[in-house]
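So the structure is just underneath, and the comments pick up after that.
The values are calculated or read from the model by the stated rules, or taken from the named source; none is laboratory data. Keep in mind the model is a prediction, meaning the values are calculated, not measured. Using ideal geometry, Cβ is built from the backbone for each residue, glycine included, and neighbour counts are taken over all protein chains shown. Calculation scope for accessible area: heavy atoms of the full protein, side chains included, ligands and nucleic acids excluded. Shrake-Rupley method; radii C 1.70, N 1.55, O 1.52, S 1.80 Å.
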Amino acid sequence: MAQPSVILATASYDKTIKFWEAKSGRCYRTIQYPDSQVNRLEITPNKHYLAAAGNPHIRLFDVNSSSPQPVMSYDQHTNNVMAVGFQCDGNWMYSGSEDGTVKIWDLRAPVCQMEYESRAAVNTVVLHPNQTELISGDQNGNIRVWDLTANSCSCELVPEVDTAVRSLTVMWDGSLVVAANNHGTCYVWRLMRGTQTMTNFEPLHKLQAHNGYILKCLLSPEFCEPHRYLATASSDHTVKIWNVDGFTLEKTLIGHQRWVWDCVFSVDGAYLITASSDATARLWSMSTGEDIRVYQGHHKATICCALHDGAEPSAS
């Protein structure tokens, strides 16, 4: 199977994962996922594999195969896996679960290499661009920085007591981190530049972005420069695009009929893909704020989406 240059996948409560032609909107592959719902999808940097985070496992599928079977299953979590991602070279994977742990996995082996205890259900985990720290957010409102070199928690923050941190995002250059919560609020910190440690969180802004839950927040990628945006996807059926310079509202993306669970930028930040409980995913133009493609085929809520339209990492 020839590898498409753009990998776009969605997962739904209908217990399927679908691959789409981004331009035409045609679904060209459906994987049945009968064991659980899929909470999160992520594509490896080399575009070879798709990770699906379920309950309580993570399954790795070959992007370029037509086989319905996963190539690997990672089974050491004991509850819903809510977060999954990859180190920039694709050598290892990280995950966070409602079992209260953050885990690190060697992709080639189904055994967990390292585990960190968050002591509350983990909703979101992001990898700092320095590739040596993970940041997790949990149901009790804690944000923790895990130093992978020292194997310890190097920093703890509680922006709002007993308010679940739903989503975390870090700017590509490591300068900002944003946490979104169940009250529709985004907390923004400046991370002190020039230091390898991230323990210096300097409060920068508090943004009341939505009246409903924020289900996903996401900062724009490097190739979007000089523009810097924050996207917030909400239970109020909208996605809002904020200019990071001053956190002014640039656009409100209106079109989904129900909760918007997930969003992902194209590599140049010119487009945004969203996934919603209305059973669709949509492709939006960032310049116009209009949806230019609707991906229809799921029969129930579309909970997560993954996109990789960039270059693969060059072989070193």
Exclusive hit being charged (D, E, K, R) and touching a Gly at 6+ places or on another chain (Cβ under 6 Å), set 225, 202, 160, 156
160
Any residue at all in the range 98-119 that's surrounded by fewer than 22 Cβ atoms within 10 Å (Cβ to Cβ), in contact (Cβ under 8 Å) with a residue 24 or more places away in the chain, over 19 Å from residue 51 (Cα atoms) and aliphatic (A, V, I, L, M)?
no
For the structure I just gave you, tell me whether residue 140 is surrounded by fewer than 19 Cβ atoms within 10 Å (Cβ to Cβ), part of a loop (DSSP other than H, G, I, E, B) and at pLDDT 95 or above.
yes
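Quick one: is residue 153 farther than 25 Å from residue 262 by Cβ and outside any loop (DSSP other than H, G, I, E, B)? Walk me through it before giving the result.
Details: farther than 25 Å from residue 262 by Cβ: yes; outside any loop (DSSP other than H, G, I, E, B): yes.
Here the answer is yes, as residue 153 does meet what is asked.
Of the residues 53, 2, 11, which single one is surrounded by 21 or more Cβ atoms within 10 Å (Cβ to Cβ) and either touching a Lys or Arg at 6+ places or on another chain (Cβ under 7 Å) or modelled with pLDDT under 95 (or both)?
53
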Considering (1) under 23 Å from residue 277 (Cβ atoms); (2) not in a loop (DSSP other than H, G, I, E, B), say which one residue 188 fails and leave the rest.
(1)
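For the subset of the range 56-89 comprising residues that are touching a residue at least 60 places away in the same chain (Cβ under 8 Å) and among the polar types (S, T, N, Q), which member is most open to solvent (accessible area, probe 1.4 Å)? I'd like the intermediate steps shown before the answer.
Start the filter on the range 56-89 by keeping residues that are touching a residue at least 60 places away in the same chain (Cβ under 8 Å), which leaves 63-66, 88-89.
Keeping just the survivors that are among the polar types (S, T, N, Q) gives 64-66.
Working: 64: 38, 65: 28, 66: 99 Å².
Ranking the candidates gives 66 first.
Matching residues to (1) more than 18 Å from residue 23 (Cβ to Cβ); (2) modelled with pLDDT under 95; (3) of a type outside the set (Gly, Ala, Ser):
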site: 251; (1), (2), (3): yes, no, yes
site: 256; (1), (2), (3): yes, no, yes
site: 260; (1), (2), (3): yes, no, yes
site: 263; (1), (2), (3): yes, no, yes
site: 273; (1), (2), (3): no, no, yes
site: 287; (1), (2), (3): no, no, no
site: 294; (1), (2), (3): no, no, yes
site: 297; (1), (2), (3): no, no, no
site: 303; (1), (2), (3): yes, no, yes
Tally, over the range 87-113, of residues that are farther than 16 Å from residue 73 by Cβ, in a strand (DSSP E or B) and among the acidic types (Asp, Glu):
0
Look through the range 114-130, keep the residues that are outside any loop (DSSP other than H, G, I, E, B) and not β-branched (Val, Ile, Thr), and return whichever of them is farthest from residue 179 (Cα to Cα).
114
Scan the range 157-166 and tell me whether some residue there is surrounded by fewer than 20 Cβ atoms within 10 Å (Cβ to Cβ) and touching an Asp or Glu at 6+ places or on another chain (Cβ under 7 Å).
no
If a residue must be out of contact with any helix residue (DSSP H, G or I) (no Cβ under 7 Å at 6 or more places or on another chain) and open to solvent by less than 10 Å² (accessible area, probe 1.4 Å), how many such residues does the range 257-274 contain?
7
